[in-house]
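J.: My structure is below; once you've seen it, I'll send some questions.
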Amino acid sequence: MTQQTGIRRELEAAPLGAAGASLRQAVDWRSNEWKRANRNVRCLQRRIVEAQQLRLLYRVLRRGRLKCLSRVRRKQQARFLGEGDGSNAIPLPGNWKRANRNVRRLQRRIVQAQQQGKKRTVRALQFILTRSYSAHCLAVRRVVENPGRCTPGVDGQILDTPEKKAQAVEKLSAEDYQPQPLKRVYIAKKNGKGRRPLGIPTMDDRAHQALHLLALEPLAETTADPNSYGFRKERSVADAIEQCFILLSRSTSPQWILEGDIQSCFDHAC
């Protein structure tokens, strides 16, 4: 015996002369349309249950951090490195090209999305880039190849062994990252008058800065002033000299150039 809804029971139990009797003759409860309606409702109910199960599964994977995910990540790292179990976390010489190619491809897509005005796509690609294993390796490589790699921060740690470099790569994927204070030192100025304050971050903070630089640099280069040359990638003093020659070699060009400098501008900046 099939279960009947409330309106269906009322219509079937209503006498012929009562209200709703005219509807009783026009409704065929065994028609295909009613079967299709029941099928559609059950399909929606099944999709609701599946969505709830996926939501619960996502919470378990995000909060629990199952060990299977870490094993899969180690296998991916080992496949990327080409040997071992991925404990050294530094790519082989032949794989650095692939790491640069992966990062360059994402950066190129960020530039294209920014030029097309797709801001949500830009944020999504930056999210992917900052969580890319290739970007993590390149960020650590940038830190260890910098001339200041032997200067520690407040924690006194430097990346001088392969094991420490591997730990630095792993720390970049942690979600509970907290920056540490800067180590304040004072260096002598070039003119010999006074000293200049300098803040030295830790190695982990430098790696995070280098990682987010990979995601922000394409956006900054796309939206920056085309005639600015200070601290710009792939630009030098020769480019600035060339642009000055182009602008000042005309007959209508100005005859004087004003140069200004604010004394001790960054010494007491808040």
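J.: Might you tell me the accessible area per residue for the range 173-270, computed with a 1.4 Å probe and given in Å²?
T.: Per residue, the range 173-270 has 82 Å² of solvent-accessible surface.
J.: A further question follows. Roughly how many debye, to the nearest 20, is the charge dipole of the range 111-270 about its Cα centre, given +1 on each Lys and Arg Cβ, -1 on each Asp and Glu Cβ, and no other charges? Display every interim value, and only then the final one.
T.: Details: 23 positive and 18 negative charges, 25 e Å.
The dipole of the range 111-270 has a size of about 120 debye.
J.: How do 195-208, 227-240 rank on mean C-beta neighbours within 10 Å, highest first? Walk me through the intermediate numbers first.
T.: Numbers: 195-208: 17.4, 227-240: 10.6.
With the highest mean Cβ count within 10 Å placed first, the list reads 195-208, 227-240.
The values are calculated or read from the model by the stated rules, or taken from the named source; none is laboratory data. In this text the structure is predicted, and so the values were computed from the model without any measurement. With ideal geometry, Cβ positions are generated from the backbone for all residues, glycine too; neighbour counts draw on all protein chains shown. Surface accessibility is based on the protein's heavy atoms, side chains included, excluding ligands, DNA and RNA. Shrake-Rupley method; radii C 1.70, N 1.55, O 1.52, S 1.80 Å.
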